[in-house]
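The values are calculated or read from the model by the stated rules, or taken from the named source; none is laboratory data. Everything numeric in this text was worked out from a predicted model, so none of it was measured. Cβ placement follows ideal geometry from the backbone for every residue including glycine, while neighbour counts extend to all protein chains displayed.
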Amino acid sequence: MMAAGGADVDAGAPGSRLQPWERESAAQEAAEGVKAGTCTILDVVETLGSSLENGDSRIRARGLQMLSEVLLQCYSVLQEKEVTHLVLFSENRLKDHHTVIPFVLQGLKALSMCAALAPGLAVSVLKAIFQEVHVQSLLQLDRHTVYSIITNFMSSRETELKSLGADFTFGFIQVMDGEKDPRNLLVAFQIVRDIIVKGYALGPFAEELFEVTSCYFPIDFTPPPNDPHGIQREDLITSLRAVLTSTPAFAEFLLPLLIEKMDSDIQSAKLDSLQTLNACCMIYGQKELKDFLPSLWSSLRREVFQTASERVETEGLSALRALSTCLSRSVLSSDDEDILESFLRGILQDCRHHLCEPDMKLVWPSAKLLQAAAGASLRAYYRITSSVFPLLVEQYNKHLQSSQRRTILEVLLGFLELRQKWDPEEEDKSPLLCSKGALCSMVFSALVEPNVQLQLVGIRVLTFLGLLQGLLDHLDVARLVDSLAQFILHEEDSQTSLAAMEAAGTLTPFYPEIFSRCLVRKLSEGLHSELQEESSQFQHDRCLQALAAVSTHPSIMKETVPILLQHLQKVPKGSMQAGIHSVVSVCQSLQQVALQCKKNAQNYWYFHQAVVPCLMGLAVQAAMQENTHTVLSQVLLKEDSLSAMVLVISAACMYLSPELAAQSVSKVVPLFLDGELSFLPGNSFPSTFQPFQVGWDGQHPVATQKKLVALLTAFVCALPRNVPIPQQDRLLRELLALSCSCDCPFTATAAAKCFAGLVNKHPAGPQLDELLGAAMNKLEEGLNEGPRRSQALTLLLWVSKALLLRYHPLASRLTDKLLVLLGDTVLGPAAGDGFALLMADSPDVLGKSCHADVRLMFRQRFFTECVPQLVQGFHTASPGVKANYLKGLSHILNHLPKPVLVTELPTLLPLLLEALSCLDRVVQLSTLHCLQPLLLDAPLVVSLHVDTLVGKFLGLTESPAMAIRIAALQCLHALASLPTPVVIPYKPRVIRALAKPLDDKKRLVRKEAVTARGEWFLLGTPGR
């Protein structure tokens, strides 16, 4: 018979003309015929009839194989009547010879996916499988087929299967019992979980279902190498845990098993048991846990007190917290026993006395257990702390050594940190309120101890007490603030002073009035007195840092910002350097305040309005002073001072909303372009402000005013991209001209950065093209000849980076110019260093914080386009300039993502090795930093050059530059991680050579030498 689109599927005796198993495409053609409607599946069965009824089991198996392959391809189009006939036929065949069964199961798998399956057939199929097939005697693939049939029916015929009641559960237990293959176990575990979660009847078989799955606990499975299935031990652990913890019905069987495994000596079993217990507590109640609590507590206590594994201890504490949480969820009636109370009472009984032991050996394990139990709920917290707090106070007063007192305070701190988990309680009987007086007295006494570590813990405890609203009264807070002020103003140890500042910043939002009255005033007076007396810069800086630290509340910030701005205008007695240091310190504090208030738009706008006009006004007035010899003017116009002001202005602008930014920029740009001074405070300026004017203003060189372009750069380049810049084209042309015509490197660089920052954000179009054309002409003119070639190079670098970041097509032309300059004997070294600027993340105008247009993977794109030309240029360059190419290459590779670098390493490594021989220290250091991670990530490639690398690294350990010696030693340390057979021949040579750096005059070098030499000593030893 011709069927399935014309395929001859006649399957008679072995001697027939064409047997189906001899045609590879017969099943596919038959399935296509069924799907096309040219024949039915019953026609196919009829055609295969002689083979399906043949006396030879091998021929029957082949016929059934053919039928199952057809069914797997066309089951979706079968009719209900056809499916019914096929199911009945297949059920009958399950009684056939064992060689036939796998193909019958394949056919049933296809039928189990049929939407046209008649009601009752799913039950009939499963009953037949449960009764006729000994599943565990089948091969792995055939067992997987059975699990797939069951999974399919559970997904589509849930109601029918549930009608079987507990018989279905019992049948599956028989199917799964003895399964060993991890591929099948993952499916079987999922079926068991679905049986439980979806509410199938367990009947009397709950224990049997538990036994058939728990026999695999804990999972002990190591995947074979190159396993194509990708099944990991963690997959099996997670799947089995989901089964064991899916129902409280397993509790009476599972909890004894967990206790048994926790008491074993195998760490993996302990960890698995603890994690499973943790998961159980999510669904169990006190009813399931009650009888096992003493044994569970005993095991958990032992794991924390005696374990040598930090991970086991962590999991044990987590499990204890889970137990306490589970018991805390129980709702008590008047007749119920309070299981949580009795459980916590036992914990206190076993742990409390360890807090009182004179040697304090078990204080920390006991404290961790108590804190784990207390962290479960507020009820548990109150129960534990009501007993522990008085005891801690008693022990603090009993022990006199600072180390012991510090330990007690650290334990108290752990309990206070836990209290942050719950909202404040208006409850007069809370343990903290009851013990408040004693606790405060204890902590304040710690603050006057001479031990710094004790003071630090005391400050942290005091901070947490202050954060618990309503706990401290007015007098306590005043005493707290006075203590912090004492540490900030008079403590010699900087660590304690910084901790006090941090605490003040944390607590100021809660007690702004007291901090204003008791601390801000003292800090202001301290600054004023330091101006009158020649006190140390240390005290001066500390007051400024503290003013910034406490500016965490709007009312405080409105006090501290004017104080800082006033102090900026007062130059302390002493040298010019002291004045510059004072300005820089004030600006650092102002920058910190700006970053602290950035999340509050209203506070941030206040800061912007108060600080930016003031800084610009001071700088403009200093640049226009008739008497340029005033100390303040000279200090403010120093490059260090201007650079510090730049950071403040940038921080005050980058988080503005577009509306407020547009409002502010409309005043700043006219100031620089038109000398519009009206928005600056004071407005009493002796002359006009024209920073872009060429020449003299009649009295003073405009060069002084030109420096202030740095402040303009900080302002306009920090604004969001969608803020329109007034007179932008004119501003850009002025900046372009200034960047190439100014003799002052500081001013020229500021103008170039401002130009680049604006170009990066400029919308694409004719205006940008025209502007870039003018810039190209300027660059051509400046780079070819004249005294300002270095300024032109600076402009080239910044514009190249601005365009590179946004993928502008002109970037490649500018990069070509830079590559040409590497061959220049004068500008070549600076051009090589410029590649670091192109590849590094920009901290200011071209950084993401300043809203620059930075595209993804710009480094990879630049690497792909540039490095081949760099390598070619290196090979063709004259010996005198080869170092420039190596410098550029080293900078590019040093900033390239490691995955990209590793793939290109085989071709680039010879050049990197040559770079190590370069006399330029910048090249050497950059190359070492590039190679160090590659030694760990690409051992196979690096191993081919190990002889050269050992020699180069050992030679560089004697470099005059400390940074190079350290980097070379770090590379030698990494080199020891290469395969042992590769590096073991060099062990004696390296150990001998590293004896010299052990006596290096620099401590950091000696430290790296010890680490590296120790690693080489261990090379080849057992267990390494």
*Tell me which of these residue 857 doesn't satisfy, since it passes every other one: (1) surrounded by 16 or more Cβ atoms within 10 Å (Cβ to Cβ); (2) at positive phi.*
(1)
_Qualifying positions in region 291-309 - at pLDDT 90 or above and surrounded by fewer than 17 Cβ atoms within 10 Å (Cβ to Cβ)_ = 291, 294, 295, 298, 302
*Return the pairs, sorted by first residue and then second, in which the second residue is among the small types (Gly, Ala, Ser) and surrounded by fewer than 20 Cβ atoms within 10 Å (Cβ to Cβ), the first residue lies in region 970-994 and is closer than 10 Å to residue 936 by Cα and touching a residue at least 12 places away in the same chain (Cβ under 8 Å), the beta carbons are less than 6 Å apart, and the residues are 6+ apart or on different chains.*
978/943
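Evaluate region 511-532: report whether one residue or more is within 35 Å of the chain's Cα centre (by Cα), closer than 28 Å to residue 445 by Cα and outside any helix (DSSP H, G or I).
yes
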*residue 984 passes all but one of (1) touching a Gly at 6+ places or on another chain (Cβ under 7 Å); (2) part of a loop (DSSP other than H, G, I, E, B); (3) of a type in the set (Val, Ile, Thr); which number fails?*
(2)
*asked:* Looking at region 597-615, can you tell me whether even one residue there is in contact with a helix residue (DSSP H, G or I) (Cβ under 7 Å, 6 or more places away or on another chain) and under 18 Å from residue 580 (Cβ atoms)?
replied: yes
*Is it true that some residue in region 909-924 is over 22 Å from residue 957 (Cα atoms), touching a residue at least 40 places away in the same chain (Cβ under 8 Å), outside the structural domain of residue 962 (by TED's automatic domain parsing) and more than 28 Å from the chain's Cα centre (by Cα)?*
no
*Tell me, yes or no, whether region 687-704 has at least one residue that is surrounded by fewer than 16 Cβ atoms within 10 Å (Cβ to Cβ), out of contact with any helix residue (DSSP H, G or I) (no Cβ under 6 Å at 6 or more places or on another chain), at pLDDT 90 or above and over 25 Å from residue 786 (Cα atoms).*
no
*List the number of the failed condition for residue 635; all other conditions in (1) in contact with a Gly (Cβ under 6 Å, 6 or more places away or on another chain); (2) modelled with pLDDT of 95 or more; (3) not hydroxyl-bearing (Ser, Thr, Tyr) hold.*
(2)
*Odd one out for residue 839 among (1) surrounded by fewer than 17 Cβ atoms within 10 Å (Cβ to Cβ); (2) in contact with a His (Cβ under 7 Å, 6 or more places away or on another chain)*: (1)
_Could you go through region 843-852 and let me know if any residue there is surrounded by 14 or more Cβ atoms within 10 Å (Cβ to Cβ), assigned to a helix (DSSP H, G or I) and under 24 Å from the mean Cα position of the chain (by Cα)._
yes
*Residues being assigned to a loop (DSSP other than H, G, I, E, B) and either of a type in the set (Ser, Thr, Tyr) or over 38 Å from the mean Cα position of the chain (by Cα) (or both): count how many of those fall in region 355-392.*
4
*Do we have any residue at all in region 330-347 that's aromatic (Phe, Trp, Tyr) and farther than 25 Å from residue 259 by Cβ?*
no
*Given (1) crowded, with 17+ Cβ neighbours inside 10 Å; (2) at pLDDT below 90; (3) of a type outside the set (S, T, N, Q), index of the condition residue 944 fails*: (1)
*Just wondering, is there one or more residues in region 77-98 that are within 51 Å of the chain's Cα centre (by Cα) and either in contact (Cβ under 8 Å) with a residue 24 or more places away in the chain or surrounded by fewer than 16 Cβ atoms within 10 Å (Cβ to Cβ) (or both)?*
yes
_Go through region 936-955 and report how many residues are within 13 Å of residue 969 (Cα to Cα) and under 24 Å from the mean Cα position of the chain (by Cα)._
0
*Out of the residues in region 482-504 that are surrounded by fewer than 17 Cβ atoms within 10 Å (Cβ to Cβ), among the acidic types (Asp, Glu) and without any contact (Cβ under 8 Å) to a residue 40 or more places away in the chain, state the one that is nearest to residue 463 (Cα to Cα).*
482
*asked:* So, in region 31-63, how many residues would count as being assigned to a helix (DSSP H, G or I) and within 15 Å of residue 107 (Cα to Cα)?
replied: 10
*Could you pull out the residue among 240, 244, 257 that is surrounded by fewer than 20 Cβ atoms within 10 Å (Cβ to Cβ), of a type in the set (A, V, I, L, M, F, W, C) and in contact (Cβ under 8 Å) with a residue 12 or more places away in the chain?*
257
_residue 729 free of Cβ contacts under 8 Å to residues at least 40 places away in the same chain and either more than 20 Å from residue 846 (Cβ to Cβ) or surrounded by 16 or more Cβ atoms within 10 Å (Cβ to Cβ) (or both)_ = no
_Yes/no for residue 318 being of a type outside the set (A, V, I, L, M, F, W, C), free of Cβ contacts under 8 Å to residues at least 12 places away in the same chain and either crowded, with 20+ Cβ neighbours inside 10 Å or assigned to a helix (DSSP H, G or I) (or both)_ = no
_Criterion: touching a residue at least 40 places away in the same chain (Cβ under 8 Å) and of a type outside the set (A, V, I, L, M) - qualifying residue of 869, 767_ = 869
*Is there any pair linking a residue in region 461-477 that is closer than 11 Å to residue 433 by Cβ to one that is surrounded by 20 or more Cβ atoms within 10 Å (Cβ to Cβ) and modelled with pLDDT under 85, with Cβ under 9 Å and at least six apart or on different chains, and which?*
468/432; 471/430; 471/432
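In a helix (DSSP H, G or I), modelled with pLDDT under 95 and in contact with a Pro (Cβ under 8 Å, 6 or more places away or on another chain): is that true of residue 207 in this structure?
No, not satisfied.
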